[in-house]
Amino acid sequence: MLTLDTCCKTYRVGSFGGGELQAVRNVSLDVGAGEVVSLIGESGSGKSTIGKMILRLLRVTRGNIRFEGTDIATLGGKDLRTYYGDVQGVFQDPFSSYNPIFKADRVFTLLRGEHFSGLSGSEWSTRLQSALEDVSLNPGDVLGKYPHQLSGGQLQRMLIARALLLDIRLLVADEIISMLDASTRIDVLNLLGDLKSRGLGVLFITHDLSLGNYISDRTVILRRGSVVEVGTTEQVFGNPLHLYTRSLLASVPQLHTKWKDIEIELDPGTTDADVDAWSPADDGVLVEIEPGHLVRSSNQDRTS
Amino acid sequence: MSLRVDGLRVYYRSLNGDVKAVDGATFEIADGEIMGLAGESGCGKSTLGKSLIRMDARMRFVEGRVELDGRELPIWDDRKMNAYRFTDVSIIPQYALSALNPTRKIGALATELLAARGIALDEVMQEFKRRLKLVGLPESVLERFPIELSGGMRQRVVMVLSSLLDPSLLIADEVTSALDVSTQRAVSELLVEFRDRGFVKSMIVITHDLSVLYQIADTILVMYAGKLAEKAPAETIIEAPVHPYTQLLLSSLPEVGIRYAEKRLSGIPGRPPSLLDPPSGCRFRTRCPFAWEQCGDEPAFKDLAPGHAAACWKAA
Amino acid sequence: MQASGWRGRSELLYFAFRNWKFVVGIGVVLSMLALALVGPMLTEYEPLSFSGPTDEPPSSEHWFGTTSFGQDVFSQFVYGLRAAFVVGVVGGGIAWLVGAAVGFTAGYRGGWIDDVLNMLTNVVLVIPTLAILIIVAAYINVKGYTTEAILIGLTSWPWAARAVRAQTFTLKTRDFVDVARLSGRSTRKIIATEIAPNMSSYLLMMFILLFGGAILIGASLDFLGLGPSNLISLGLMMNNAFLSSALLLGLWWWFIPPGIGIIAIVGGLYVMNVGLDEIFNPRLRET
């Protein structure tokens, strides 16, 4: 359904734009219908940039992104509108996603003119109600209120409802629950799982491995703009091959196992030199170790 | 006893009345103990931490007694607390990493901070450099600007600065929340190392992340809506919690290994009560699956077993 | 994360009337405005006609006395106030509109558009405004205060553009702008409905500053004798007084009213602005 083909995003930095910063390097991935793909990476990995490129909020420097075979960079005007009827995004900070001077349900009315102009008042209400119920929200609780009167969880769900109103096929979820409280996180996550069964594809962008493990079918591990490992979630979490993946898994704080007791072997002496935050990631090629499970391999990285 | 808190109430003034952020906290921390203070946003954990050092001018101390190493801390008086800040009680404030003045080099920052305490940097320079090295930072860091350092490095600089004068109590407010997983581990283990090396005697680690606390804390105190819910050794809280809130919270945390397709976790329905006008009785009542009429009376936070206290009628 | 918004409308008014800077500032400005509107009806003399004995101190016939040419100072004063407000509104208004248009476009679009507009802004900013105005005024026979105001407006917009551009940059990064883009909103609409309303307090304060600034520049021009000579303004009054050695002759009633007039309006505007800043920004308020 959605395919990224060796996408790159380069920014000009420094005075007079002399330097270059490669935020995304040669990333290829795909998301199928009814599939949740986790894009896991730490800060600076380029994961949000990829999300924005898919949503056409940023332009791809090289490579292309195809949705149902069409290169999205070529879309304009009406075609772009159709694209936004199929692909939508929800972002990390629920309070930043709403314009504070308007009521929260304005995010729905913004869509009405573009996509639902033909509907009558009552038809629109019915659609809205059912979309809200789909995300387990009581319309009476959330309609007509200002964003600051609602909770983060409610706001995020409303954004998902907005996407569902359009009957989208792919949702780009960029750290959508990291700013929510622990007790509401899992509900929003379960919601994504439920929607998956309706055929919705989700690109779940996160830094939290346990969330990715919980919800996704396939996992992509991103480091400094490059894909270092990709496979089904069982493969990547059960048999992590790349050094980076292994060091990530070894550092995740778990509830019943202490760090020192986690059984993931790391090669000795492998520390991330974080003094130079802009050192380029190793280039190399993705090698298929088992069907569907690819790992980046180069001279510097050692894999098992 | 290193720290002793008795009946602490700290409210915030607001246009609409008092927000009862911390409404009656009583607990103790022993020498050398790392206590994790956990809870969701708005539960009062940050307020509790900041009130012990009186960092926020908007706080209104209502009542209570705080004793550190046998001496009472004048937490109601900003100026009197000055004598204790940094030397006896120190804090790594929330968002410390973004609070470093971007126009100052680290060395200059340190000098100014210490000068404000009346200490010349040269006296402690040796120790400062030694500790920087200990946490894995090169000496050259003193010549760098904050923006040149990564998040993890900045957090470590702040940690060293806050504990430079060997305070009795260090309060770490959400120090790992904004960090990546690998840096999070490094910084958390560093906190333990500070305690092990004697740079600080006891520590309060405030975070919403129970799994991090399991890794580094000796005891965990869980707060809900301004009240203390449960306190016990870390192992007990995670393996055998008695307060329904703790139980539900733990069961809603996904762990590596749990998958949606196999085992669907559930959260806690509803929302925490408003602290402007909190309900009577147990504040968790409206969301608790075990609530009964007795819960209309507020349960006392008391010991149910040695070292294990909770405020719940069901658990008692 | 602060969630501000229009819910605080009544809250704003509550703080507004408790803020003495705002109250005093707006009080002074409004009283001057009242005088400008009503004053000309109170006087039976024309400002430029020779209506009485020369060099007369204030009396019951001529409330502010007369000039060296026998003109009534009070009527000059109130007509001068009118001219000042015209210059303020038109000059400040034009600067505001141009500055906002340039600032929003440069800030939102970025890229080469930003570079071009930035260059333009910097050029106009660096040009010594007063010098240009002097040259232009010397060549164009400035007929009325509106023309003067237009000239002032067209040369004082750069700093407004800069300020709006900076604010737009920060607002552009907020997620709700992305949500609007994902909903298919056009750039123009996004600026008008998402970004500008979130800067409304800023835009208001900017207008007030531009208003005051225009009056000051206008007064300076008039004082140098470069404004319309067939009409009267506060600056021109001061000019005439100066040229007639009013200070040496002790004709205090001639230059003190216009001086106080200018100070009162401009000072009042600035003080009001400081008050507004405190009202809009809760963090600056003294509890």
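The values are calculated or read from the model by the stated rules, or taken from the named source; none is laboratory data. Quick caveat, the model's predicted, so the values are computed rather than measured. For neighbour counting, all protein chains shown are included, and Cβ atoms are generated from backbone atoms with ideal geometry for every residue, glycine included.
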field: Single residue of C:ILE279, C:ILE215, C:ILE232 found to be in a helix (DSSP H, G or I), modelled with pLDDT under 90 and of a type in the set (Val, Ile, Thr)
entry: C:ILE279
- request: Only one of these is of a type in the set (Gly, Ala, Ser) and closer than 20 Å to C:GLY227 by Cβ: C:GLY80, C:GLY70, C:GLY52, C:GLY25. Name it.
  value: C:GLY80
message: Out of the residues in segment C:162-178 meeting the condition of being within 13 Å of chain A (Cβ to nearest Cβ) and in a helix (DSSP H, G or I), tell me which one is surrounded by the most Cβ atoms within 10 Å (Cβ to Cβ).
response: C:PHE176
- request: Please work out which residue is farthest from the chain's Cα centre (by Cα), limiting yourself to segment B:179-201 and to residues that are closer than 25 Å to A:LEU248 by Cβ and among the small types (Gly, Ala, Ser).
  value: B:SER182
message: Could you go through segment A:122-130 and let me know if any residue there is under 30 Å from C:MET199 (Cβ atoms), more than 9 Å from chain C (Cβ to nearest Cβ) and more than 26 Å from the chain's Cα centre (by Cα).
response: no
message: Tell me whether segment A:98-109 contains one or more residues that are surrounded by fewer than 16 Cβ atoms within 10 Å (Cβ to Cβ) and modelled with pLDDT of 85 or more.
response: yes
- prompt: With respect to B:MET81, is the statement that it is aliphatic (A, V, I, L, M) and under 15 Å from B:VAL10 (Cα atoms) true?
  reply: no
statement: Residues in segment B:160-197 that are more than 9 Å from every other protein chain (Cβ to nearest Cβ) and in a helix (DSSP H, G or I) total 11
statement: Filter segment C:39-74 for residues that are outside any loop (DSSP other than H, G, I, E, B) and touching a residue at least 12 places away in the same chain (Cβ under 8 Å); the one that is farthest from C:ASN239 (Cα to Cα) is C:LEU42
field: Failed condition for B:VAL157, given (1) out of contact with any strand residue (DSSP E or B) (no Cβ under 8 Å at 6 or more places or on another chain); (2) assigned to a loop (DSSP other than H, G, I, E, B); (3) surrounded by 13 or more Cβ atoms within 10 Å (Cβ to Cβ)
entry: (2)
- request: Only residues that are out of contact with any helix residue (DSSP H, G or I) (no Cβ under 6 Å at 6 or more places or on another chain) and at positive phi: list them for segment B:53-76, please.
  value: B:GLY64, B:ASP69, B:GLY70
- prompt: Tally time: how many residues in segment A:73-95 are in contact with a Phe, Trp or Tyr (Cβ under 8 Å, 6 or more places away or on another chain) and either modelled with pLDDT of 90 or more or among the charged types (D, E, K, R) (or both)?
  reply: 3
- line: In the set A:LEU180, A:LEU211, A:LEU155, A:LEU170, the lone residue that is more than 11 Å from every other protein chain (Cβ to nearest Cβ) and either among the polar types (S, T, N, Q) or on the phi < 0 side of the Ramachandran plot (or both) is A:LEU170
message: Between a residue in segment B:83-97 that is of a type in the set (Lys, Arg) and any residue that is in a loop (DSSP other than H, G, I, E, B), which pairs come within a Cβ distance under 9 Å, given they are 6 or more apart or on different chains?
response: B:ARG85/B:ILE53; B:ARG85/B:ARG54; B:ARG85/B:MET55; B:ARG85/B:ARG117; B:ARG85/B:PRO167
task: Sort out which residues of segment C:179-189 are surrounded by fewer than 20 Cβ atoms within 10 Å (Cβ to Cβ) and part of a helix (DSSP H, G or I), and write them in order of number.
output: C:ARG181, C:THR187, C:ARG188, C:LYS189
field: Candidates C:LEU81, C:LEU33, C:LEU42, C:LEU37, filtered to the one that is more than 14 Å from every other protein chain (Cβ to nearest Cβ), exposed (fewer than 15 other Cβ atoms within 10 Å of the Cβ) and modelled with pLDDT of 85 or more
entry: C:LEU37
query: Which strands (runs of 3 or more DSSP E) sit wholly inside segment B:215-314 and have at least 2 residues that are surrounded by fewer than 23 Cβ atoms within 10 Å (Cβ to Cβ) and without any contact (Cβ under 8 Å) to a residue 24 or more places away in the chain?
result: B:302-305
